[in-house]
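A single structure is presented below for examination.
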There are 4 protein chains.
Amino acid sequence: MSQAKRFLSDNTASVCPEILEAIAAANHGLEVAYGEDPWTERLDEVLGEFFGTEVRAFAVATGTAANSLALANLAPPYGAIYCHPEAHIAVDECGAPGFFSGGAQLERLEGEHGKLTAEALAALLDGHSVTVHTVQPAAVSISQATELGTAYRPAEVTALCEIAHTHGLHVHMDGARFANAVTHLGCHPGDVTWRAGVDVLSFGATKNGAMAAEAVVFFHLGLVRDFELRRKRAGHLLSKSRFVAAQLLAYVESGAWRRNAARANALAQSIGEAAGKRLLHPVEANEVFVDVGAAGKSSLRAAGFEFYDWGPPASGAARLVASWDQDERHVEALCAALAAI
Amino acid sequence: MSQAKRFLSDNTASVCPEILEAIAAANHGLEVAYGEDPWTERLDEVLGEFFGTEVRAFAVATGTAANSLALANLAPPYGAIYCHPEAHIAVDECGAPGFFSGGAQLERLEGEHGKLTAEALAALLDGHSVTVHTVQPAAVSISQATELGTAYRPAEVTALCEIAHTHGLHVHMDGARFANAVTHLGCHPGDVTWRAGVDVLSFGATKNGAMAAEAVVFFHLGLVRDFELRRKRAGHLLSKSRFVAAQLLAYVESGAWRRNAARANALAQSIGEAAGKRLLHPVEANEVFVDVGAAGKSSLRAAGFEFYDWGPPASGAARLVASWDQDERHVEALCAALAAI
Amino acid sequence: MSQAKRFLSDNTASVCPEILEAIAAANHGLEVAYGEDPWTERLDEVLGEFFGTEVRAFAVATGTAANSLALANLAPPYGAIYCHPEAHIAVDECGAPGFFSGGAQLERLEGEHGKLTAEALAALLDGHSVTVHTVQPAAVSISQATELGTAYRPAEVTALCEIAHTHGLHVHMDGARFANAVTHLGCHPGDVTWRAGVDVLSFGATKNGAMAAEAVVFFHLGLVRDFELRRKRAGHLLSKSRFVAAQLLAYVESGAWRRNAARANALAQSIGEAAGKRLLHPVEANEVFVDVGAAGKSSLRAAGFEFYDWGPPASGAARLVASWDQDERHVEALCAALAAI
Amino acid sequence: MSQAKRFLSDNTASVCPEILEAIAAANHGLEVAYGEDPWTERLDEVLGEFFGTEVRAFAVATGTAANSLALANLAPPYGAIYCHPEAHIAVDECGAPGFFSGGAQLERLEGEHGKLTAEALAALLDGHSVTVHTVQPAAVSISQATELGTAYRPAEVTALCEIAHTHGLHVHMDGARFANAVTHLGCHPGDVTWRAGVDVLSFGATKNGAMAAEAVVFFHLGLVRDFELRRKRAGHLLSKSRFVAAQLLAYVESGAWRRNAARANALAQSIGEAAGKRLLHPVEANEVFVDVGAAGKSSLRAAGFEFYDWGPPASGAARLVASWDQDERHVEALCAALAAI
């Protein structure tokens, strides 16, 4: 039987060689645990250089932990967090933001292609008065790349952050696919984050070649507050912290972040082109959303392609994700199959 | 200076004589505290007769407590609670459902005149698959009367409950203005609750003549579970419990619930008629929503009428609430002023 | 059948006339709800005069709410709260401090007759280093009067507060029986609170003659922070707030607080004297703890006296509480019965 | 400068070759994420064989996560969890049990050498009545090996579990150093767990040679309940789950668990023997507690030995931990230094 042609998620990917080697290289001798190792101690500096500004960075093992810990630092238990209805924090984290924050409420805000707009945010915030009875507007969370495979332009992020800050809200960016977005945009990592006003970023590496490594990167240093205590009591301070830090350092310093993202993006572009007018959203990262009809999905699955429905199974929409280590022949086969639908 | 003509909320009302007398009548001698008094011990029976079925009823002092404690019994910390965007639990309780449930997520569902529809609920529930990554659909919460002053018909509640139960969700009804709705509908209290499938009701008395008394009424007795423990640890088990129970008993047994509601409803009808085509929603309880323009609002306020804006202050929408003890002359004056706009 | 001779708790007491009249007097016309009424607006001033310093005071309906809301303002979710093993917050509130704070941990500290000592607190705090792995010492909570019916002297409170403040902890006082303690001590209410260093007090009125009224009184105004939001989302902001505020005002302004406490204390003194060497703790409020043996308890119960065991039922310890409205003949009968054991 | 002679913690250890190789071996191709990979799917079977009974096992990355997730499944938010004052959950997890459970309360119970006894537990549970006002006894948590380096005998665990179960409590075992205890005892892993009545075990591998891998192992399958949802919303469901499962499989299947533990234990034995009468607790795992006086600690540190104070720095107590990969020459040097004090 032939190997599965998996386009389910970039979470199915393997670990890239640069990162596996870094793990092995860190594996010598006794090192102080819980973040006092030399690898962890370099994180702020290395990520600071990467982003071009001073940062405070904290390693965790999952994206849900990164997002929720970040948001719990921005929003009080009676706070409101504004996000897109498709946001990972709203639909894919089993209520984690409510858990970590102690009850903060998600307020959903529609926007085309998975993006919030400054105009819609302003209208929503201006439309409600804040009293002791309401949840207190606290944070905006945007995804870069979005959950629909699109990328915010720097000016879009800037406009959103201005509205948010004007209203006293902080801005979080879920960067589970940050490298894919930045690589697509061709901009500097700082251009869509701190230069545009983002206060804290969940900087994902796992999907793009790491084993289990994400960094919560604070650009607004005043918001760090009690982050380390919250991370510890959530069980997200890894004891042998050198191994997660080593992944993040290798990811950035070896250039794997860009190489892996560039490859995945390029494969997604091919798929998007093959999908033609069946494409539902612009392909600006490594995800492709298509409407191939229920019959189209069946025929793709019959041909051995694995992917997730997008929306109700009976609909024709599907999500196709290209991983950094996706087999090129599988992509070619998929393109051919799409073109034939 | 003349007395304020307040149409802010039925929370501004006084306590009706039947209830104040019941409080005084309960005030003799030493009675066992924390719900083991003779008044509390009659609650199940008296409310059971009121609703025409066996119930378990628990007294608390506020509507937010009633709603949140009820919902925390229906939804786990990773649960989803479906409600209208205008629901009191979503916009007026400072995140209480998230607090009491330990993080359950509110999912908003649009509907005309403040009502959810069975069709919209079915579409939403069918449109998403439930996995370990998603919040788990747990409860639907509807308001009777709604936050826009309308009342669900028994058949509407029945249809909603059928969809909810089919999908494994329980149904909560926020009855802060339950008496107003039932009085308007002219139906039996059971017709829009347990007979229609409602599992638990926040049965409000405070707005309609009590001092501070609401009952969480379980029709689905299997859902009571650990309610008493949750009430206690939330500080909502009153020590001198006879006084809150006495309010609820008097409210029901004296018929004050219907008399008070009927009067407030009738006053609201007059206001609604005076508003004519400026009316935004049908008047089916004791709240009137009008669009009188920003200038209209200013002129009403200049004439001494107090009320809340509905939506942004710059809009023309206003909410006018008639209380059970509203001064009839104030209502007449308001009707005249509305007619003159 | 003769009336029950109840010495179960001061929670069994009725409402004193001064307070019931104040409730009735507040019951006229429409008043703005949720704390913007004239009664609530006088609370800060009246309690400020009572304590002899500027305060911020917030009314709630239960002691558990008062304690937990106060503590949640002093301790973060990863904080440690130090208290006596017998503290109400530790044994009688069903985990409320953990709920309201989002998980703060109670650390118990032994002390004779229900009192913490400065020495023991210092030893405990000095004995542990605080790291990212430990809960963070945040607050000390003491009860005045204590759960064993004793009263802290001003110097004892001062010494405790000094140790607490030196270590960066805030001090909460559970004053469910505050009037009883102050009346026994014969001191000014400020002497055992702010002058001694207490930051926030749960000022109880319910047990001593109110219907359902407690005030959270902040002496350290900087600690008020988001108290109002936390109260609201916990369902403890009463809509018809005038009625709870009116109780507190009457309690203080009519002098009922001292009259009621003085009577209850005097009755407890008689009981304590009758108990003689069977007394377990000094009687410094309105509670009497005795060891009358299992047989003694049985004979008291056979004679119609109601009271709670203290500790295991098989032990001989019992708690006898005198309420402000206790029947003097019942007290005399109890004294005679105790003397006869 | 010579290499640090670290006896700080077994968390400082490296990853053993068997486990690093297993990680590398798992690193090929695209695998379904979030626990649907072939490695994770073998966990129940492999750990079931290891323990000699049917189990449900869930991988997480940290011991704090394992403990807190397990306890949150055993204790409701208003539950009481009984543990030793030195328990890791009580002193080293920054309040995690309170966070994950939504507020459950830790109740501490003294016991010699870090062990709870059945007698003390019975006395505590029998001494308090359970009412709506108290936290509800829910779980007992014991550490194996204990935090003081001792190991419960099978009969001791059995006796504790009998008392716990008789009172309706479930039993959790914190097995961060489970391999060390079992190796010392020379018993079967089942003998001190399910055969003795343990309901759920935090089965630690990280300290004993893994990179970041712990398993929550349910022996009482009915307690699994919603564990997977709670793990997900806490951010502890790893996306590339094959890598954490591969660690656990290799740990058990290669025999590394026993080899590593045996080596660490033997080194600790040498240290304990060298300490002679300065030993504070029997050495029954890989930790050694000594009282060498403040001067003794200074001289050891001056000689390059790293370790933690146990208790206040000014005391003479120290903890010395032997890791699986500890340099034997460092151990010899430490023994010599101890003997010379």
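The values are calculated or read from the model by the stated rules, or taken from the named source; none is laboratory data. Keep in mind it's a predicted model, so treat the numbers as computed, not measured. Every residue, glycine as well, gets a Cβ built from its backbone with ideal geometry; the counts of neighbours run over all protein chains shown. The area values use the complete protein model at the heavy-atom level, side chains included, leaving out ligands, DNA and RNA. Shrake-Rupley method; radii C 1.70, N 1.55, O 1.52, S 1.80 Å.
Which value in nm describes the separation of the simple spin-label points at B:Ala155 and D:Ala295, placed 7 Å from the Cα toward the beta carbon?
About 9.6 nm, to one decimal.
Is any helix in chain C, taking whole DSSP H runs, at least 15 angstrom long along its axis by alpha carbon and on average at least -1.0 on the Kyte-Doolittle scale, and which ones? The partial results should precede the final answer.
On the way: long enough: C:38-51 (20 Å, -0.34); C:63-74 (17 Å, 0.81); C:154-166 (18 Å, 0.55); C:242-253 (16 Å, 0.95); C:256-275 (28 Å, -0.35); C:328-340 (18 Å, 0.66).
Those that pass (Cα extent of 15 Å or more, hydropathy at least -1.0) are C:38-51, C:63-74, C:154-166, C:242-253, C:256-275, C:328-340.
Rounded to whole Å and sorted largest first, what semi-axes of the equivalent ellipsoid does the C-alpha gyration tensor of region A:66-118 yield via the square root of 5 times each eigenvalue? Walk me through the intermediate numbers first.
Values: eigenvalues 73, 26, 15 Å².
Semi-axes (√(5λ), whole Å): 19, 11, 9.
Hey, another quick one. Give me the Å³ per residue figure for the convex hull around the C-alpha atoms of region B:13-148.
Values: hull volume 21.8 nm³, N = 136.
Convex hull of Cα atoms, per residue: 160 Å³.
Taking each residue in B:58-64, count the Cβ atoms of any other chain within 10 Å of its Cβ, then average. What number comes out? Intermediate results must be reported in sequence, preceding the final value.
Details: counts 0, 0, 2, 11, 9, 2, 9.
Average neighbour count from other chains, rounded to a whole number: 5.
Based on the alpha-carbon gyration tensor of region D:19-63, what equivalent-ellipsoid semi-axes (square roots of 5 times the eigenvalues) come out, in whole Å, largest first?
Working: eigenvalues 87, 31, 25 Å².
After diagonalising the Cα gyration tensor, the semi-axes are 21, 12, 11 Å.
Would you give the gap between the C-alpha center of region B:234-259 and the C-alpha center of region B:164-228, rounded to a whole Å?
Computed from Cα coordinates, the inter-centre distance equals 15 Å.
I would also like to ask the following. Express the relative contact order of chain C as a whole percentage, based on alpha carbon pairs under 8 Å and six or more residues apart in sequence.
Numbers: 711 pairs, mean separation 82.7, N = 341.
Dividing the mean separation by the residue count of chain C yields 24 percent.
Give me the accessible area of D:Ile163, 1.4 Å probe, in Å² rounded to the nearest 10.
40
Continuing with this model, one more query. With chain C treated as a Gaussian network of Cα nodes joined by springs under 10 Å, which of C:Ala57, C:Ala256, C:Ala294 yields the largest mean-square fluctuation?
Maximum fluctuation in the GNM of chain C, among the listed residues, is at C:Ala294.
How much net charge surrounds D:Leu106 when only other residues with a Cβ under 11 Å from its Cβ are counted (Lys, Arg +1; Asp, Glu -1)?
On the way: positive: C:Arg108, D:Arg108; negative: C:Glu107, D:Glu93, D:Glu107.
With Lys, Arg at +1 and Asp, Glu at -1, the neighbours total -1.
To continue, here is another question. Using only helices, what value at 222 nm comes out for the protein assembly as shown when you add -39,500 (n - 2.57) per DSSP H run of length 4 or more and divide by the total residues, to the nearest 500 deg cm²/dmol?
Working: 52 runs with 553 residues, N = 1364.
Mean residue ellipticity, 222 nm, calculated: -12000 deg cm²/dmol.
Something else now. Within region D:201-300, which trypsin sites (Lys or Arg not before Pro) sit in a loop by DSSP and count at most 15 neighbouring Cβ atoms inside 10 Å?
Numbers: sites: D:Lys207, D:Arg225, D:Arg230, D:Arg231, D:Lys232, D:Arg233, D:Lys240, D:Arg242, D:Arg258, D:Arg259, D:Arg263, D:Lys277, D:Arg278, D:Lys297; in loops: D:Arg225, D:Lys240.
Answer by residue number: D:Arg225.
Could you pull the Cα extents of region B:84-154 along its three principal axes, largest to smallest, in whole Å?
Answer, in whole Å and largest first: 38, 29, 18 Å.
Inside 10 Å of the C-beta atoms of D:9-20, what's the mean count of C-beta atoms belonging to other chains?
Values: counts 5, 3, 9, 11, 6, 9, 7, 1, 1, 0, 1, 4.
The per-residue average across the peptide is 5.
At a temperature of 25 °C and a viscosity of 0.890 mPa s, determine how fast the protein assembly as shown diffuses translationally according to Stokes-Einstein, using the Kirkwood radius over alpha-carbon pairs as Rh; express D in µm²/s, rounded to the nearest whole number.
On the way: Rh = 33.2 Å.
It diffuses with D of about 74 µm²/s by this estimate.
Let me ask something additional. Give me the mean projected area, in nm² to one decimal, of the convex hull enclosing the Cα positions of region D:204-329.
Average of the hull's projected areas for region D:204-329 equals 10.7 nm².
Also: Put a point 7 Å out from Cα along the line to Cβ at C:Thr131; what are the distances to that point in the other copies, in nm, shortest first?
Counterpart label points of C:Thr131 in the remaining copies fall at 3.9, 4.2, 5.0 nm.
Right, here's the next one. Along the Cα→Cβ direction, 7 angstrom out, place labels at A:Glu332 and B:Val224. What is the inter-label distance in nm?
Placing both labels 7 Å along Cα→Cβ, they lie 7.0 nm apart.
With chain C rotated onto chain B, spot the residue of C whose Cβ lies nearest the axis and note the distance in whole Å.
C:Ala61, 2
Name the most mobile residue of A:Cys94, A:Cys16, A:Cys161, meaning the one with the largest mean-square fluctuation, in a Gaussian network model of chain A with Cα contacts below 10 Å.
Of A:Cys94, A:Cys16, A:Cys161, the most mobile in the Gaussian network model is A:Cys94.
Additional query: How much FRET efficiency would the formula 1/(1 + (r/R0)^6) give for A:His188 and D:Glu21, where r is the Cβ-Cβ distance and R0 is 41 Å, rounded to 0.05? Walk me through the numbers before you get to the answer.
Details: r = 39 Å, r/R0 = 0.96.
Computed FRET efficiency for A:His188 and D:Glu21: 0.55.
What residue among D:His188, D:His330, D:His133 has the largest mean-square fluctuation in a Gaussian network model of chain D, using Cα springs under 10 Å?
Maximum fluctuation in the GNM of chain D, among the listed residues, is at D:His133.
I would also like to ask the following. Return the subset of A:Lys232/C:Lys232; A:Lys115/D:Lys207; A:Lys232/D:Lys5; C:Lys5/C:Lys232; B:Lys115/B:Lys207 for which the Cα-Cα distance in this structure is over 32 Å, preserving the input order. Walk me through the numbers before you get to the answer.
Values: A:Lys232/C:Lys232 29 Å; A:Lys115/D:Lys207 44 Å; A:Lys232/D:Lys5 27 Å; C:Lys5/C:Lys232 39 Å; B:Lys115/B:Lys207 21 Å.
Over 32 Å Cα-Cα: A:Lys115/D:Lys207; C:Lys5/C:Lys232.
Mind listing the Cα extents of region C:114-158 along all three principal axes, in Å, largest one first?
Per principal axis, max minus min of the Cα coordinates gives 38, 17, 15 Å.
I'd like the FRET efficiency for D:Glu162 and D:Thr53, computed as 1/(1 + (r/R0)^6) with the beta carbon distance as r and R0 of 22 Å, rounded to 0.05. Walk me through the numbers before you get to the answer.
Numbers: r = 18 Å, r/R0 = 0.83.
Efficiency at R0 = 22 Å is approximately 0.75.
Another question, then. Dividing the alpha-carbon radius of gyration of chain B by 2.2 N^0.38 Å (N being the number of residues), what value is obtained? Before the final figure, lay out the partial values.
Values: Rg = 20.0 Å, N = 341, 2.2 N^0.38 = 20.2 Å.
Rounded to two decimals, the normalised Rg is 0.99.
When you look at the Cβ of every residue in B:128-134, what mean number of other chain Cβ atoms sits within 10 Å? Present the calculation step by step, with values, prior to reporting the outcome.
Numbers: counts 3, 5, 0, 5, 11, 12, 8.
The mean count of partner-chain Cβ atoms within 10 Å per residue comes to 6.
Now for a separate question. By the scheme Lys and Arg +1, Asp and Glu -1, what is the net charge of all other residues having a beta-carbon under 12 Å from that of A:His281? Please list the in-between numbers first.
Working: positive: A:Lys115, A:Arg278, A:Arg319; negative: A:Glu86, A:Glu112, A:Glu147, A:Glu284, A:Glu287, A:Asp291.
Summing Lys and Arg as +1 and Asp and Glu as -1 gives -3.
Compute the FRET efficiency between D:Thr131 and C:Ala123 as 1/(1 + (r/R0)^6), taking r as their Cβ-Cβ distance and R0 = 56 Å, and round to the nearest 0.05. List each step's numbers first, then the result.
Working: r = 33 Å, r/R0 = 0.59.
Efficiency, from the Cβ-Cβ distance: 0.95.
So if I average 1/r over every pair of distinct C-alpha atoms in region C:294-341 and take the inverse, what Kirkwood radius in Å does that give?
Values: mean 1/r = 0.0886 Å⁻¹.
Kirkwood radius, region C:294-341: 11.3 Å.
While we're looking at this one, here's another question. Can you give me the relative contact order of region A:56-193 as a percent, contacts being Cα pairs under 8 Å and 6 or more apart? Present the calculation step by step, with values, prior to reporting the outcome.
Values: 226 pairs, mean separation 33.2, N = 138.
Relative contact order here is 24 percent.
Which distances in nm, rounded to one decimal and ordered from shortest, link the label point of D:Asp327 to the equivalent label points in the other identical copies, with labels set 7 Å from Cα toward Cβ?
Values, ascending and in nm: 4.7, 8.4, 9.0.
Once the label point is set 7 Å along the Cα-to-beta-carbon vector, what list of distances in nm do you get between C:Ala155 and its counterparts in the other copies?
5.4, 7.6, 8.1
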